[in-house]
Amino acid sequence: MDERDPEIERNFIIFMVVVMICLFGWMYFSARNAQKKPLPQQKSVVQETSPAKQEPAPEITEPETIPSQKPEESQPLQLAQNPEIEEKTITVTSPLYKIVFSNKGGVPISWELLKYKDRVYFPYEISLKWPPFKRVEKFTPQPVQLIRPELKDKPPLRSRIVVNGMEIQPDTLWDVEAKDISVENGPAEVEFRLTLSQGVVLKKIYTFYPDQYRSELKIEYSGLEPDPKQSWTELELSYWFEPKSRLARLNFHGALNYTGKSLVRFNTNDLNKKFLSAEKAKTNPQELVSYEKKSLTVESVDWTGFTDSYFLTAILARSDTPLKVWAYFDGTMEMVEDKNASKEYAMKIKAQPGAQDISSHCLTQLELYFGPKEKQGLEKVRKSLAAAIDYGKYLGVIAIPMMYALIYTNKLVHNFGWSIVILTIILRMAMFPITRRGQKSMKELQKLQPEMEKIRKKYPDDRLKQQEELTALYRKYKINPMGGCLPILIQIPIFFAFYRVLLVSIELRHAPWILWIQDLSSRDPLLILPLLMGLSQFFMQKLTPTTTMDPTQAKMMMLMPLVLTFMLVYFPSGLLLYWTVSNIIGIAQQIYVNKVSE
């Protein structure tokens, strides 16, 4: 008798059942797959066993299409090497700009605005540093560069392209027709081509217009059916800046993202503070390399870009494919040495278009704006772009009408300096009724000076009692002691609004006035206007009654013109022109009121 272990026998039976199920299952699914793909198997049978047998036409033509695609789809895309392609540049010129492209990545490596210069030359300069007077070395102003050639190895505008999982490297050489292009009589295109394996061709097409700072970027494909989950593009925009720049701290410099409702900002001042605090602590600035904690992610973005006081570089989405944007400081803090050997750091934006219908042979279609922040020009491209001109949430109520008034006046006199003079006269004359009321109030207070002195002597140690008696005196004669402050209070927001106009209005950048004032948006090179402003302020205060002040306060107020002169030495000359003219008119008005009051 066979004495086998029943446990082993049961396990053996289970094992055989599982094996049989797997075997029959494999045969079943193999048969099903064979039924789904009968044509390729028929072809192999026909070719191997009965080559002379005649088959119907559909059974011969279909197998040639399906197998020919299947092996190709299973193979990853590769770059088709072309040793004849060499690195080269193409120049695009219009009346507004000059752009140099490199076929290395198919990106712009230089972008100049021909109608705007980087600075203004004046042969002499006076400053508060020693020696105070110096002769400025002769130089020729150059066009403003939104993309500087020295950054060609780190191009500020580049694209990341992924097709069916294959990423095109940024240093890839694209094929392009080596000829310069002039954009004068109509739109012109620069087309970069890249050939991949399996006959796939990518195209990167830039379109330019003769009378606009707007351009278009389109990335197309042919020869494949891209997988939407593995095919996408991303644009990277960089902004290089010097953290210690005074102007960068005075005005917003950094990334802007417009979401259709509001602006989302990412300011370079975040890095300025970090840099300056490290400098005060005697920290090596290179230790700031690790500063990469703060970043910003914004979705459903209509346009994104970088701005400084006067210029904007922006990527604009199509209405049906809003952008997803990441703004951040480059974690490596790559440093660039310019001709002055000043250290610069990069803030970067990555903009990824939303999902779009790629069946139209277009991976990405975007617009670019590289140009001045001129309101009408921005609105012509896209109305929301004008939001990049930041006059301030509250100051804008005064600054925007003031800017329009200056532009209108400039059309009449063709000089923004004289426009400032005319506008200042109009403002002072419009405020004269209020000014006169305040000046009359001060004169009336002057008449009460003897009685006010009696009250002060009567209660020398009781300030509260003094104030009660003085208030009763004001009520008796119906005098408002604060009436003289009203004209000054009104002028304060006007002053700051005008300063904002000079700081962000491209129309006033490098606008000349007379003789030595060749740029109303920058400081007076000879410091004449600060001195005139200080003198006019001194005479203004001498004519203004100071009856409510004690002698110590009066002496301190007399020092104010000197303090203001030193404080405003480096402020825009247009602002000092406004203040000086305003003081001169104020002096004339005060003399008139004093004579009438007598």
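Just so it is clear, none of the values below were taken in a lab; they were calculated from the coordinates. Please read these numbers as outputs of a predicted model, since none were measured by experiment. Glycine also receives a Cβ, built like all others from the backbone with ideal geometry; neighbour counts cover every protein chain displayed.
Sparsely packed loop sites in region 98-161 (the chymotrypsin sites (Phe, Trp or Tyr not before Pro) outside DSSP H, G, I, E and B with at most 10 other Cβ atoms within 10 Å) comprise 139. Students often get this wrong: which residues of region 420-445 have the backbone nitrogen under 12 Å from the point 7 angstrom along Cα-to-C-beta of residue 596? Residues 432-441 qualify, since their backbone N sits under 12 Å from the label point.
This ranking places 579, 130 by how few other beta-carbon atoms lie within 10 Å of each, fewest first, which gives 130, 579. From least to most packed, judged by other beta carbons within 10 angstrom and beginning with the fewest, 575, 412 follow the order 412, 575. As a calculated quantity, the FRET efficiency between residue 436 and residue 567 at R0 = 25 Å, using C-beta atoms, amounts to about 0.30. Count Lys and Arg as plus one, Asp and Glu as minus one, and take only other residues whose Cβ is under 12 Å from that of residue 260; the net charge is then +1.
The modelled label-to-label distance between residue 411 and residue 467, using points 7 Å beyond Cα along the C-beta direction, is 5.3 nm.
At full extension, residue 154 and residue 559 could sit 140.6 nm farther apart than now, given 0.36 nm per residue minus the alpha carbon distance. Label-to-label distance for residue 140 and residue 171 is 3.5 nm, based on points extended 7 Å past Cα in the beta-carbon direction. Using the Cβ of residue 95 as centre and a radius below 13 Å, the other residues enclosed give a net charge of -1, where K and R count +1 and D and E count -1.
Determine which residues of region 427-465 fall in the zone a paramagnetic label at residue 543 would reach in this model, i.e. backbone nitrogen under 20 Å from the point 7 Å along Cα→Cβ. It comes to 427-447, nothing else. Between residue 447 and residue 361, the contour length at 0.36 nm per residue exceeds the alpha carbon distance by 22.3 nm. How would you classify region 396-597 from its alpha-carbon gyration tensor, with a ≥ b ≥ c the square roots of the eigenvalues: rounded for a/c under 1.5, else prolate if a/b is greater than b/c, otherwise oblate? Prolate. The simple spin-label model puts a point 7 Å past each Cα toward its Cβ; for residue 459 and residue 182 those points are separated by 8.5 nm.
Quick one: grab the alpha carbon gyration tensor of region 365-473, order the square roots of its eigenvalues as a ≥ b ≥ c, and give me rounded if a/c is under 1.5, else prolate or oblate depending on whether a/b is larger than b/c.
prolate
Ordered by the count of other Cβ atoms within 10 Å of each Cβ, fewest first, 580, 544 give 544, 580. Pairs spanning more than 21 Å between alpha-carbon atoms, out of 350/375; 229/261; 115/375: 350/375; 229/261. Rounded if a/c is under 1.5, else prolate if a/b beats b/c, else oblate: with a ≥ b ≥ c from the C-alpha gyration tensor eigenvalues square-rooted, which is region 81-156? The shape class here is prolate.
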